Every structure is written in structure tokens, then in C-alpha cells.
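Q: Mind looking over this structure? Questions follow.
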Amino acid sequence: MNRGSPVELPEEYLDFYKNLETWQNEQQIRLQKDFAPRQLSNPRALIAEQKKPLLIIEKWEIDPEQYRTVFSALLEFMLETRPELKDTLEDVKVKTQNLDFSPYIKDFLNDHLSTLAALAQEYKISQELLVFLFDHSIRPFLRLYALPYQEELREETFQHWDFPNICPVCGSKSHFSRLRPADNHRFMFCDRCFTEWESRYLLCVHCGNDTPGTIYYRSVENDDAYRIYTCEKCKGYLKTYDEKSGGSTIDLFIANIETIYLDMLAQEQGYTNHD
Ligand SMILES: [Zn+2]
Ligand SMILES: [Zn+2]
């Protein structure tokens with residue numbers, strides 16, 4: 001069921017992401033046993049001063065052998081859930097058996113995707129698939145890393161963090177926010193590490209525009225909970241869930257995927273998420 005959606009998403013598509021999220025939760029619980037990230041003190045001051053996400057400030061590294069285990073487990077998960085990709089996945093499995101993951105993890109965390117692009121070319125597989133595999137096997141690590149900071153960095157983040165659409169913990173770009181019902185405060189959501197951080201309500205998270213009358217919101221008929229906020233200055237848009245209209249909290253990771261129709265609506269009308 002897609003709420004008021006002009007685009008019917010196949011049920012299997014959503015199921016795949018729901019299962020992937022469950023799988024990631026399980027991996028996170030498993031990793032928790034032998035992985036305790038160091039906790040930097042005063043993260044608010046650190047990000048304000050250095051203007052970089054915590055993970056980059058700390059030059060955080062993931063143990064490549066722990067990572068290999070999760071990467072292999074993701075391949076198994078994919079073999080089960082996406083049997084049509086069997087040949088390609090088996091091929092990746094053989095080719096990555098002795099791969100030194102360290103430089104690729106490092107480049108991925110620093111958003112340098114050119115080395116992964118080169119690896120995809122060498123493996124003769126699509127870059128999209130290889131990036132997907134890295135992205136989703138890194139997430140259980142990122143979520144564990146982010147956990148100790150999430151509470152401290154949530155409220156009034158805009159007071160000390162200048163990049164409203166970038167996650168202050170892992171540096172990923174966010175395309176989704178929620179409005180808290182009690183006070184209408186906006187919280188950006190990172191679907192990689194699950195951190196939330198507050199940005200100002202009347203502000204384009206892409207260009208910083210806050211001129212009244214240049215930021216609008218629209219929703220699809222009969223469903224005011226799921227909205228896009230658009231900026232007339234940079235033509236950017238942001239998907240948002242209004243908890244007051246929606247009446248409950250939701251899984252923001254799934255909501256972001258479920259609302260592809262809002263991306264289509266925004267893009268049809270000439271807006272972009274600046275990716
Ligand atoms: Zn993040
Ligand atoms: Zn803008």
C-alpha cells in the first residue's frame with residue numbers, strides 16, 4: 001500500500017529494503033560484541049571548530065577483516081533475496097575473497113568514489129551495484145559508531161554545524177527530514193548512520209536561503225504528512241514527514257524509500273535534490 005501515491009511501488013521492492021534494514025540491525029547487534037568505537041568528548045565543539053563530520057575528524061577506520069565478514073554476509077543476503085543477480089554476486093564473491101578492503105573503505109568514507117568505479121570496471125560489474133554493496137555493508141558499522149553521539153548532537157545542531165544537509169557524524173548527504181509535533185522543529189535524518197540533527201524550519205538545506213516567501217511546501221492530495229519543501233532560489237527540494245499530520249513516528253529509512261513518488265513529483269516540477 002502506498003499512501004496517495006501516483007506511483008505504485010511493487011511490494012517486493014519495499015520488502016527488499018525492509019529485510020535489508022532487519023539484516024543490518026542483526027549485523028549491528030553481532031558487531032557490538034567486539035567493536036566499541038572510541039567516544040570523542042565534546043562533539044559539538046569539535047564539529048563547530050573543524051567544520052567536518054566526526055568520522056573524518058577522528059580519521060576513523062573500520063577493521064578490514066571485520067568488514068570482510070559483513071561484506072560476505074551481505075553477498076549471502078543478496079543471493080537469497082535477489083536471485084536474479086546470482087551470477088554477478090557469485091563473481092563478486094570470488095573476486096573479493098582476497099581483496100584488501102582498507103583503501104576502498106577509506107575512500108568510501110571520504111566520499112571518493114573513483115577508486116570504487118575503477119574496481120567495478122576491473123570486475124566488469126556495474127558501479128551502481130558495487131557502491132550499493134559497499135554502502136549497505138558499511139552501515140552497521142556507521143550506526144554503531146554514531147550511537148554514542150546521537151543524543152548530544154540532535155537538538156539545535158544548526159547553532160554549531162554549518163551544513164544542514166550533511167550528517168555531522170558520518171558526512172553522508174540527507175534527503176529526508178521530520179517535523180516534531182510539539183514544536184514543529186525540523187530534524188534531518190541520515191539513512192546511513194541513523195543520526196538526526198536539527199536544522200532551522202524556514203531554511204533551504206541546500207543553499208541556506210531563508211527569505212520568507214521563497215520556500216514552499218506541497219504534498220500529494222489527501223496526505224499532508226508527507227511533503228516536499230522547495231526552494232525558489234536554488235530549485236532544491238527536501239522530503240519531509242510531518243509527525244503532527246501523520247499522527248505517529250515512523251521508520252524514516254523506509255519512509256524515504258516509500259516516497260519515491262515525491263522525488264518524481266519534485267523532479268517533474270523542475271526541482272532537484274542536488275545530488
Ligand atoms: Zn550519518
Ligand atoms: Zn535553496
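Q: Here is a list: 193, 204. Which entry is of a type in the set (A, V, I, L, M, F, W, C), at negative phi, buried (at least 20 other Cβ atoms within 10 Å of the Cβ) and within 18 Å of the chain's Cα centre (by Cα)?
A: 193
Q: Of all residues in segment 92-126, how many are surrounded by fewer than 16 Cβ atoms within 10 Å (Cβ to Cβ), part of a helix (DSSP H, G or I) and in contact with a helix residue (DSSP H, G or I) (Cβ under 7 Å, 6 or more places away or on another chain)?
A: So the answer is 6.
Q: Across segment 138-159, what is the number of residues that are buried (at least 19 other Cβ atoms within 10 Å of the Cβ) and outside any helix (DSSP H, G or I)?
A: 0
Q: Same structure, new question: Can you tell me which condition residue 162 does not meet? The list is (1) within 16 Å of ligand 2 (Cβ to nearest atom); (2) surrounded by 15 or more Cβ atoms within 10 Å (Cβ to Cβ); (3) in a loop (DSSP other than H, G, I, E, B), and all the others hold.
A: With (1) within 16 Å of ligand 2 (Cβ to nearest atom); (2) surrounded by 15 or more Cβ atoms within 10 Å (Cβ to Cβ); (3) in a loop (DSSP other than H, G, I, E, B) applied to residue 162, the lone miss is (2).
Q: Answer yes if at least one residue in segment 186-197 is within 13 Å of ligand 2 (Cβ to nearest atom), β-branched (Val, Ile, Thr) and part of a loop (DSSP other than H, G, I, E, B), and no otherwise.
A: no
Q: Test residue 166 against the stated conditions and say whether it is among the β-branched types (Val, Ile, Thr) and either within 15 Å of ligand 1 (Cβ to nearest atom) or not assigned by TED's automatic domain parsing to the domain that holds residue 238 (or both).
A: In short, yes.
Q: Being out of contact with any strand residue (DSSP E or B) (no Cβ under 7 Å at 6 or more places or on another chain), outside the structural domain of residue 24 (by TED's automatic domain parsing) and either surrounded by 19 or more Cβ atoms within 10 Å (Cβ to Cβ) or within 30 Å of residue 24 (Cβ to Cβ) (or both): is that true of residue 172 here?
A: yes
Q: Follow-up question, since we're still on this one. Which ones in segment 198-234 are within 11 Å of ligand 2 (Cβ to nearest atom), over 23 Å from residue 169 (Cβ atoms) and touching a Gly at 6+ places or on another chain (Cβ under 8 Å)?
A: The answer is 230, and nothing else.
Q: Here is a list: 106, 86, 95. Which entry is under 24 Å from residue 28 (Cα atoms) and either among the basic types (Lys, Arg) or within 16 Å of ligand 2 (Cβ to nearest atom) (or both)?
A: 106
Q: If you check 25, 98, which single one turns out to be outside the structural domain of residue 260 (by TED's automatic domain parsing) and within 21 Å of the chain's Cα centre (by Cα)?
A: Just one listed residue meets the conditions, 25.
Q: In contact (Cβ under 8 Å) with a residue 12 or more places away in the chain and under 18 Å from the mean Cα position of the chain (by Cα): does that describe residue 169?
A: It is true that residue 169 is in contact (Cβ under 8 Å) with a residue 12 or more places away in the chain and under 18 Å from the mean Cα position of the chain (by Cα).
Q: Just give me the residues in segment 236-255 being out of contact with any Cys (no Cβ under 9 Å at 6 or more places or on another chain) and more than 20 Å from residue 182 (Cα to Cα), in sequence order.
A: 253, 254, 255
Q: For residue 218, state whether it is among the charged types (D, E, K, R) and more than 22 Å from the chain's Cα centre (by Cα).
A: Criteria met by residue 218.
Q: Residue by residue through segment 165-185, note down the ones that are in a loop (DSSP other than H, G, I, E, B) and under 22 Å from residue 274 (Cα atoms).
A: Within segment 165-185, 165, 167, 168, 169, 170, 171, 172, 174, 175 meet the criteria.
The values are calculated or read from the model by the stated rules, or taken from the named source; none is laboratory data. From a predicted model like this one, the values you see are computed outputs, not experimental measurements. Here Cβ is always computed from backbone atoms with ideal geometry, including for glycine, and neighbour counts include all displayed protein chains.
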